[in-house]
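Take a look at the structure below.
Computed from the coordinates by the stated procedures, all read-outs in this text should not be read as laboratory data. These numbers were taken from a predicted model, which means no experiment stands behind them. With ideal geometry, Cβ positions are generated from the backbone for all residues, glycine too; neighbour counts draw on all protein chains shown.
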Amino acid sequence: MDHKKELEELILTIIRENGSDLHLGVGKVPAIRVAGELIFLSKHPILTKEEILGILNEVLDKTKLAKFMEEKEIDFSYDFRGEARLRGNAFFQKGLISIALRLVPKVKSISELHLPPIIADIARKKQGFFLVVGPVGQGKSTTLSAMVNLINNEQARHIITIEDPIEYMYIPNKAIIDQREVGIDTKDPHIALQSVFREDVNVIMIGEMRTLETISTAVTAAETGHLVLSTLHTNNASQTIDRIIDSFPGNQQDQIRLQLASSLLGIFSQRLVPRITGGLIPAYELLLNNSAISNLIREKRTQEIDVVIETGSGSGMIDLNHSLLELVRAGEITIESAYQYSLNPKGLERSM
């Protein structure tokens, strides 16, 4: 069997159906995710062990395949004919191999992604720490890609990305863009991040901050004249700040509070909500650091941040409930969806 042809036909199915993900596993029919819903390709035969191994050999080189067999899971990226890119994860379940592939869309602009214009203003900053947060699959990497590409198209700056794996591919315009993939271009993301201080860099994009060391170095980089962009799997701005501080030992928490209070630009939390007309549209919360936010961080009063965001629209902040209501009023999403994606349904009801 031609496993490459089989894989390419499945990828074409995702593209044709405007899907986002492809799920493959031994003893299962393939499934794709479209607008958040799983659809099983029931006309496709059940995948065999031989087919999955054949597909795995197409997406992994020999070194990565050996690593997968030893460690039982691996992240990777796959280029489809130079026309599309997918990020993937292979893993074992019940002793059998499964593969999850996510289609990485082409880099889009901030306006094309229906993001607030203030995100462009943040991307134009010369230094500071900016985080895009939210659950898995809510468009965090896509938002960062739009910010990186805006810088690329507008400014002569040196951008370094540290990713595991590389997702979006950029075509350098006014900027120099160096993309480093963990496992290929660097063995350790923390060492790669430390190295940027000797690489004459202006903008650092970290695909995801996973360790205390990475967070600490990222904050230091923001303090020392760099624009640092990254993601975390947190629900909102106040939880993000608490997560960062709590990841440090007790005797270091006061120091990281001071660093965050001075270096943080903002935190953007987003959710992709089903549109009435089909597809997905982002709803979001935006915290912008100002004197009030800085004081709350320093004084260990992060529980009050939500209130500041709710009342801070005049300074550019955006509350998630307000964002959801605007989408309802614009006819983009249903009221039911607004309640489903709200982190404070009672507050949403009061705002109706």
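At full extension, Ile118 and Met69 could sit 13.1 nm farther apart than now, given 0.36 nm per residue minus the alpha carbon distance. Here the contact order of segment 3-104, divided by its residue count and restricted to Cα pairs under 8 Å and six or more residues apart, works out to 26 percent. Once C-alpha pairs closer than 8 Å and six or more residues apart are averaged by separation and normalised to the residue number of the chain, the relative contact order reads 12 percent.
Taking the fewest neighbouring Cβ atoms within 10 Å as the starting point, the ordered list for Asp21, Asp61, Asp188 is Asp61, Asp188, Asp21. Result for the chain in a Gaussian network model with C-alpha springs under 10 Å: among Leu212, Leu324, Leu227, the largest mean-square fluctuation is at Leu212.
For segment 3-104, the dipole from Cβ point charges (+1 on Lys and Arg, -1 on Asp and Glu) about the Cα centre works out to 80 debye, to the nearest 20. Overall, the chain carries a charge dipole of about 180 debye about its Cα centre when +1 sits on the Cβ of Lys and Arg and -1 on the Cβ of Asp and Glu, all other atoms neutral. Annotation: amide H of Val104 within the under-5 Å range of Arg85, Leu86, Arg87, sequence separation 5 or more or interchain, hydrogens built in the peptide plane. With the simple model of a label 7 Å out from the Cα in the direction of the Cβ, Asp246 to Thr277 spans 4.1 nm.
In this structure, Gln194 and Val307 have a Cβ-Cβ separation that, at R0 = 30 Å, corresponds to a calculated FRET efficiency of about 0.20. As a size descriptor, the averaged projected area of the C-alpha convex hull of the chain was calculated at 19.0 nm². Along Cα→Cβ, 7 Å out, is where each label goes; now give me the distance between the ones at Asn290 and Asn89 in nm to one decimal. A separation of 3.8 nm, rounded to one decimal place. For Leu41, the residues whose modelled amide H falls within less than 5 Å of its own, excluding neighbours fewer than 5 places apart on the same chain, are Ala31, Ile32. Computed 3J(HN,Hα) for segment 144-160, one whole-Hz value per residue from the Karplus formula 6.51 cos²θ - 1.76 cosθ + 1.60 where θ = phi - 60°, is 4, 4, 5, 5, 4, 6, 4, 4, 4, 7, 10, 10, 7, 9, 9, 10, 10, glycine and proline marked x. The label-point distance for Glu223 and Gln253, in a model that sets each label 7 Å from Cα toward Cβ, rounds to 1.9 nm.
Coordinate range of the alpha-carbon atoms in segment 93-247 per principal axis, descending: 51, 35, 33 Å. Of the options Pro189, Gly316, Thr277, report the single residue whose Cα projects farthest towards the positive end of the charge dipole of the chain (beta-carbon charges: Lys, Arg +1; Asp, Glu -1). Sorting the options by dipole projection puts first Thr277. Kirkwood analysis of segment 284-338, using all unique Cα-Cα pairs, places the hydrodynamic radius at 12.1 Å.
In sequence order, segment 301-318 has phi-based couplings of 10, 5, 5, 8, 5, 4, 5, 4, 5, 4, 9, x, 4, x, 9, x, 6, 10 Hz under the Karplus curve 6.51 cos²θ - 1.76 cosθ + 1.60, θ = phi - 60°, and Gly or Pro positions carry x. Taking a sphere under 11 Å around the Cβ of Gly347 and counting the other residues whose Cβ falls inside, with K and R at +1 and D and E at -1, yields a net charge of -2. By other beta-carbon atoms within 10 Å, ranking Thr63, Thr13, Thr142 with the fewest at the front produces Thr63, Thr13, Thr142.
Counting other Cβ atoms within 10 Å as a rough exposure proxy, the listed residues Ser109, Ser238 run Ser109, Ser238 from fewest neighbours to most.
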